[in-house]
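No value in this document is a laboratory result; all are computed from the given coordinates. Quick caveat: nothing in here was measured; it's all calculated off a predicted structure. Virtual Cβ from ideal backbone geometry, glycine too; neighbours counted across all protein chains shown.
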Amino acid sequence: MGNQNRADIYPGLEVDIILKKDQRSGKLTRGIVEKLLTSSAFHSRGIKVRLEDGQVGRVAEIIEEDF
């Protein structure tokens, strides 16, 4: 699962995240990664990121990868 490995996530990537307030419902928020906030290479619940609009959450799914 690419959402758990820091190496798979980078600024400019389109992702769906789960905000802290939405953890129970599982509601996803889509946006573009501005900054990675998790410093470890792996996190079991997903890498924490800040989106360009300022929202912070854990990556649930990677939407688009640019190659």
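Computed on segment 2-64, with alpha-carbon pairs under 8 angstrom and 6+ residues apart, the relative contact order is 42 percent.
Within the chain, the ratio Rg/Rh, alpha carbon atoms throughout and Rh by Kirkwood, equals 0.92. One decimal place: the segment Ser25-Ile63 gains 11.7 nm when fully extended, by the rule 0.36 nm per residue minus the C-alpha distance.
I want to make sure I understand the PRE zone here: with the label point 7 angstrom from the Cα of Asp16 toward its beta carbon, which residues in segment 29-61 have backbone N atoms less than 16 Å away? Flagged as within label range: 29-33, 46-47, 57-61. Projecting the Cα atoms of Ala7, Leu19, Gly54 onto the dipole axis of the chain, where Lys and Arg carry +1 and Asp and Glu carry -1 at the beta carbon, places Leu19 farthest toward the positive end. Which residues does a label at Asp8 reach in segment 26-47, if reach means a backbone N under 14 Å from a point 7 Å past the Cα toward the Cβ? Flagged as within label range: 41-47.
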